[in-house]
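The values are calculated or read from the model by the stated rules, or taken from the named source; none is laboratory data. Because the structure is a prediction, the values reported are computed rather than measured. Don't worry about glycine lacking a Cβ; one is built from the backbone with ideal geometry, like all the others, and counts go over all protein chains shown. Please note that ligands, DNA and RNA were not included when accessible areas were found on the heavy atoms of the full protein model with its side chains. Shrake-Rupley method; radii C 1.70, N 1.55, O 1.52, S 1.80 Å.
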Amino acid sequence: MSCIRFDRPAKRWKESLPVGNGKTAVMVYGGKYTERLDFNDAELWSGYPRNYDNPSAAKALSEARALCFNGDYAAAHKCVEEKADGNYTEAFMPLGTLFIRFKGLKRGKYSRSLELTRGVLNINAGSSEREAFVSFPDDVAAYSVKSPTPFDAVVWAKTPLKGRAEACTDGILSLFGVAPDKALPNYLGAVPNAVSYDEGKAMAFCLSVKTETDGTVSVSETKIYIENATYIRLYAVTATGFKGCNAMPQNDPERTRKEAEKRLRSKDFNYDVLMKRHVLDFSSLVSGEALNTGAATENARKLLRRGIRGDAGGIVGIMYDYGKYLLASGSRASQPLNLQGQWNAEVRPPWSSNLTTNINFEMNYWAASACNMSACLEPYFRACEEVAVRGAMTARTNFGAQGFCCNHNCDIWRNTSPVKGDPSYMFAPLCGAWMACEAYRHSLNAPAYRPRAVKLIEDAARFILDYLVEKDGKLTVAPSTSPETAFVYDKKRVSVGIGSAFELEVARETLGFAASAAEGALKTKAADALKRLAEVGEGERGLYEWQSGFDSAERGHRHFSPLYGVYPGMTAARGDASFEAAEKLYYDRIAHSSPGIGWSAAWSMCLAARFGDAAAAGKALKNFLSRSLLPNLFGFHPPCYFQIDANLGFVAAVNEMLLTSDKGVASFLPALPDSLKNGKIRGLKKNGITFSFEWRDKKIIYAEADRETGAIGLNIAPHAKLVNIKVIPS
């Protein structure tokens, strides 16, 4: 059984452990005498639908393009920043906290463990045994505590939003209120009216909790009291006034409260049946693929220290399963995973905890279909389709283009306009195409999504065909940015240039997919444009960040965006000049980087695998384990933030180190670190083919490929001696 184990309670949010079902999410502290449960609902966001498209942006686009072609990049930067902006996205909200104070529980040995393949959190504190989970089949959070000797408890709740708690005589406690009309991003600092309730238009919310016990229950206005109990079971549901990304939310807290309480009162829960249904559902979701890199029975901190010293099998197996656990717990039938998955404690969370589409949103799902967890992709696809509808408006208004676009920040209302601020992050219209490409790549492993993925690619390609501009006989992007970086020109930092490697490779992949999958005139146009698309070129560091011959002003920049064509895209293959230039830039970038950003380390591991460099992969793995994790093994982003993309990108990185492909040929163990000498994997998917294999001393001893469709080429990396292979025909 794969478990994360700790021998002490959590004192802070970043030490607590997550449970969830994709809609309701909870962070459990596991206190010895006072339990704390921090609740989120995936649909609880600030604000309401707004249109931030900018009618003057199309004119500014032409102006900025002309300035770029004249070499006046500083003026182009200023033009985009001042004339092509929109407004900030909304923020993902915390709902509130449920507290339970125990009296009469005996002291004793303490432990808490998160069962990653069953989806259950266990806490043993002296005489008490506790469990917590959130059921997807029954859409309810459950918390159980039992003791061989009687004990008392008090239950109450608080919210950081505008709201209050109230207890009912039948033992139901509800916490209800409204979200802010506006919550400005945390990176703006202390600004006036950063969180505002002035309009009264934002959604209502409610947490309702039902008590089951063999003790005596009484209530006050805001608390539930339980006396002389040997067990207590709490069942909790969350509800919001969210009615869809294009609809005004319901904003009456009393109405939302009644809906939540009705759900609780209409069900007569049987805890054992509830648990059985949950475990069956959860385990079936995560068990289609499995990695084994060694026993992992020790405390998480000990495993982590051992991994940093060079014996990483145990902690890698735990972190791999943890990533799958977070995907299964956070992405089911509601909203897709945001920057913090579905777990957030701040009213102004890091970067608004939104869907950051210039890497983080897509990275959250890199491993989903490869790990045979395609059911978790439904929220991603639905969000992409909603973005495509909203992004078609932005494409027409801001760019005078067909198809759809999306810039780098998106929220539950599917804002696709640029935000405010520096163009390095504000202006990124090809992020929508990246989302579409990610969807299409997943459809190779999950054919059921293929029609939806093709539609997204077609609409993304239509935008790109209109957005591309001719220069020197080639098609390029202008004005063009590279995520969150700048170059130096005429002693000034400038973010706007011509043909960033990132945008050209996103365009190349999108047009390539469209040329392959689209029909009619679009297919022909995509193929023709692909032939005329510009290359970026190579400088002293390797691949240029911009076609116009500029490198990033930050030599060790955290984004590997110019290398998009190597990973996650596959437009650059070994032997291509662009591949070799990208490889050179990769080594230059990691030589000057400051490790510590989890998602960047995960991306670095993926790239090392594509470049076939086990040493670089091992170094990135060590950096990840030593500098990129919070105490509860959540991914870390400086200065003190949680970002779930690190955890989920890690799974993709391990997959890529074990199996990569190039020009349709699969390669086993392309970049296996010395710290992962032995292991086996079952059910790993690559381009619709399911692989299972085992390795010892970094050599393949058995491999099996389930060929579902088409032919398969198998190429074994030079250091991996193949002993036996079995190819199963379709």
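Points to keep in mind about this one:
- Candidate lysines - alpha carbon under 16 Å from Lys491, same-chain residues fewer than 8 apart omitted: Lys78
- When the surface is traced with a 1.4 Å probe over the full set of protein chains, Glu166 keeps roughly 50 Å² accessible.
- When both segment 323-377 and segment 30-51 are represented by their alpha-carbon centers, they are found 15 Å apart.
- Length available on full extension from Val389 to Glu540: 0.36 nm per residue minus the Cα-Cα distance, which gives 50.1 nm.
- Using only side-chain charges placed at the Cβ, +1 for Lys and Arg and -1 for Asp and Glu, the dipole size of segment 18-168 relative to its Cα centre rounds to 920 debye.
- Note on segment 82-235: Rg/Rh from C-alpha atoms, Kirkwood Rh, equals 1.09.
- The alpha carbon centroids of segment 88-145 and segment 378-456 are separated by 36 Å.
- If R0 is taken as 35 Å, the Cβ-Cβ distance between Val665 and Arg532 corresponds to a FRET efficiency of 0.80.
- Scattering curve values for segment 150-239, log₁₀ I(q)/I(0), Debye with Cα scatterers, q = 0.20, 0.22, 0.24, 0.26 Å⁻¹: -0.88, -0.99, -1.11, -1.23
- Taking N as the residue count of segment 4-118, its C-alpha radius of gyration divided by 2.2 N^0.38 Å amounts to 1.87.
- Ratio Rg/Rh [Cα only; Rh per Kirkwood] for segment 368-523: 0.99
- Straight-line cross-link partners of Lys455 among the aspartates and glutamates, defined as a Cα under 14 Å from its Cα and at least 8 positions apart when in the same chain: Glu385, Glu386, Glu438, Glu519.
- Pairwise centroid distance, computed over Cα atoms, of segment 653-702 with segment 273-299, Å: 22
- Dividing the alpha-carbon radius of gyration of segment 483-608 by the rule-of-thumb value 2.2 N^0.38 Å gives 1.10.
- Dipole of segment 112-201, positive direction: furthest Cα of Tyr187, Phe151, Ala165, with charges on the beta-carbon: Tyr187
- Placing unit charges on each Cβ (+1 for Lys and Arg, -1 for Asp and Glu) gives the chain a dipole about its Cα centre, and among Val134, Gln402, Trp434 the Cα reaching farthest toward its positive end belongs to Val134.
- The ratio of the alpha-carbon radius of gyration of segment 7-74 to the globular-protein estimate 2.2 N^0.38 Å is 2.21.
- Computed over every Cα-Cα pair of the chain and binned at 10 Å starting from 0, the pair-distance distribution P(r) comes out as 3, 15, 25, 26, 18, 10, 3, 1, 0 percent.
- Extension gain, Arg277 to Ser516: 0.36 nm times the residue separation minus the Cα-Cα distance gives 81.8 nm.
- Under the convention that each Lys and Arg Cβ holds +1 and each Asp and Glu Cβ holds -1, the size of the dipole of segment 264-392 around its Cα centre is about 380 debye.
- Put a plus charge on the Cβ of each Lys and Arg, a minus charge on the Cβ of each Asp and Glu, and nothing anywhere else: the dipole of the chain about its Cα centre is then about 1720 debye.
- All alpha carbon pair distances within segment 391-460 were sorted into 5 Å bins beginning at 0; the resulting P(r) in whole percents reads 4, 18, 23, 22, 17, 10, 5, 1.
- Number of Lys-Lys pairs in segment 218-377 with C-alpha atoms under 20 Å apart and a separation of 8 or more places or on different chains: 6.
- Helix 300-309 vs. the chain, principal-axis angle (Cα, 0 to 90°, nearest 10): 30
- Accessible area per residue, Å², segment 317-358 with all protein chains present, probe 1.4 Å: 13
- Measuring nothing but protein heavy atoms, the accessible surface of the chain at 1.4 Å probe radius is 49 percent carbon and sulfur.
- Available extension along the chain between Glu82 and Ala573 is 172.8 nm, counting 0.36 nm per residue and deducting the alpha carbon span.
- Ranked from largest to smallest solvent-accessible area, with a 1.4 Å probe on the protein heavy atoms, Met203, Met275, Met570 come out as Met570, Met275, Met203.
- Accessible surface calculations at 1.4 Å, restricted to protein heavy atoms, place segment 622-689 at 28 Å² per residue.
- Percent of beta bridges antiparallel (DSSP, the chain, rounded to nearest 5): 90
- Remark: segment 415-458 carries 23 Å² of accessible area per residue (probe radius 1.4 Å; ligands, DNA and RNA excluded).
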